[in-house]
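First the structure, in the form of structure tokens, and then the observations on it.
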Amino acid sequence: MKIKFGEGEVYLREHCPLRLSEARGMVVRCTSGVLWMTVTGEAGDIVLAAGESHRVRVAGRVVIESIGSDARVRFEPGTGERIARAAGAMISSMRRLAGMHRAAKHLTA
């Protein structure tokens, strides 16, 4: 399953774990219920209640499971990913503006 970060929530049924890879820097936010989380390479397990979050600090595999009842989770990109996306959008805009400038200059010459 491909998850788009920051776009909606994922509904987790109790005893149906979700496994993620390449999640370094991602923020896992519990929006309802209680989540149990383990990250290969991070010491100890993490338990998140509604409103709590955890940033994945290592590149290991992440396993998330709802405990006690069903839960909802939101995945948010890390700061580095947001900056890279914003920089990419800015570069695209600058290229588009430069192209418009060249076209306008060509028309007036």
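Through the Karplus equation 6.51 cos²θ - 1.76 cosθ + 1.60, θ set to phi - 60°, convert the phi angles of the range 17-30 into ³J(HN,Hα) values in whole Hz; use x for Gly and Pro.
x, 10, 10, 10, 10, 6, 10, 4, x, 5, 9, 9, 10, 7
From the phi angles alone, apply the Karplus equation (6.51, -1.76, 1.60; θ = phi - 60°) to the range 31-37 and give each ³J(HN,Hα) in whole Hz, x where the residue is Gly or Pro.
9, 7, x, 10, 10, 10, 9
If R₀ is 22 angstrom, what is the calculated FRET efficiency for the pair Y11 and T38, using the beta carbon separation as r and rounding to 0.05?
Calculated value: 0.65.
Would you mind checking which residues have amide H under 5 Å from V34's amide H? H placed 1.01 Å from N; only 5 or more apart, or other chain.
I67, S69
Output wanted: per-residue J couplings in Hz (rounded whole) for the range 64-74, from phi through Karplus 6.51 cos²θ - 1.76 cosθ + 1.60, θ = phi - 60°, x for Gly and Pro.
For the range 64-74, the Karplus curve yields 10, 9, 7, 10, x, 5, 5, 9, 10, 9, 10 Hz.
Any idea how far apart S93 and S69 come out in nm if each label point goes 7 Å out from Cα toward Cβ?
So the two model labels end up 4.4 nm from each other.
FYI, it's all coordinate maths here, none of it is from the lab. This structure is a prediction, so every number in the text was calculated from the model and none was measured. Every residue, glycine as well, gets a Cβ built from its backbone with ideal geometry; the counts of neighbours run over all protein chains shown.
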